[in-house]
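The values are calculated or read from the model by the stated rules, or taken from the named source; none is laboratory data. Quick caveat, the model's predicted, so the values are computed rather than measured. Using ideal geometry, Cβ is built from the backbone for each residue, glycine included, and neighbour counts are taken over all protein chains shown.
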Amino acid sequence: MTTIPAIVPPLPREKTYNRNLAPRAAFAWLSAGWRDLWVKPGISLFYGVGVFIASLIIVIGLFRLELDYILFPALSGFMVLGPALAVGLYEKSRRLTAGEPVMFGEILFVKSRAGAQILFIGAILCLLMLLWNRAAVIVYALFFGLTPFPGLEHIAPMLFTTPLGWAMLLVGGAVGGLFAAFSFAISVFSIPMLLNEDVDAFTAMGTSMALVWNNIAVMLTWGAIVLTLFLLSLISGTLGLVLVFPMVGHATWHAYKAIRTPA
């Protein structure tokens, strides 16, 4: 009788994904993204202007439809969908790094090595954004019941001057933070990976999460930079997205190359 030996799959080790990058490396990525932005800037600014116009349409549409109570979660959704919207920016940085010509048509209609897998991740991120918006509505209802949304001019006093408002801010911030952290972890490297490598979506998302977890210090720094730039863009009435979005998109490609490639 032949005995079939047990097969133990190799377990991932920390050194497989750990690049030992200092937190300051995140600023080098941002600097590289700023440099790529101004090489044939019209292409990059096209994406920035497009995102700015889309944000205006969303804001105006929410007010027209009297859905202003989901304004902040909807705008935060840009951080969830951002990696999927920046595919052309990744391609531009890839071409600049490889010394290939940068043509508008090839940047606008990107050919991914993984085919339609990017669309699959884009659909997942859209579902995450919708779920995040629904969770925000549920959190509001749990604390304020059926009380109508008071409008943006009254929401700040309600949130910051009452114990119930502070409690909702804490719980809502925790819930939103979980959504943001999960979407960031699965998308920050997976979409550049699908552009550059012939892998499936689930492998890309799992690898992205492993890379983020094993390089947590530099990735927390990078996440803080992106969040700060996004908040500054909101303060400017989303006008800052014209520069911030393409710069962060280009920088994300350099982050992917630094984290994905073993030292």
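Observations
- Selection status of VAL51, surrounded by 18 or more Cβ atoms within 10 Å (Cβ to Cβ), in contact with a Phe, Trp or Tyr (Cβ under 6 Å, 6 or more places away or on another chain) and within 24 Å of GLN117 (Cβ to Cβ): yes
- Some residue of region 67-75 being closer than 24 Å to TRP222 by Cβ, in a helix (DSSP H, G or I) and modelled with pLDDT of 80 or more: no
- Scanning region 219-237 for residues that are among the polar types (S, T, N, Q) and closer than 18 Å to ALA180 by Cβ, we see that the one that is surrounded by the fewest Cβ atoms within 10 Å (Cβ to Cβ) is THR228.
- Against the list (1) closer than 22 Å to LEU239 by Cβ; (2) at pLDDT 85 or above, the condition MET103 fails is (1).
- Qualifying residue in region 200-218 (condition: surrounded by 18 or more Cβ atoms within 10 Å (Cβ to Cβ), at pLDDT below 90 and more than 30 Å from LEU56 (Cα to Cα)): yes
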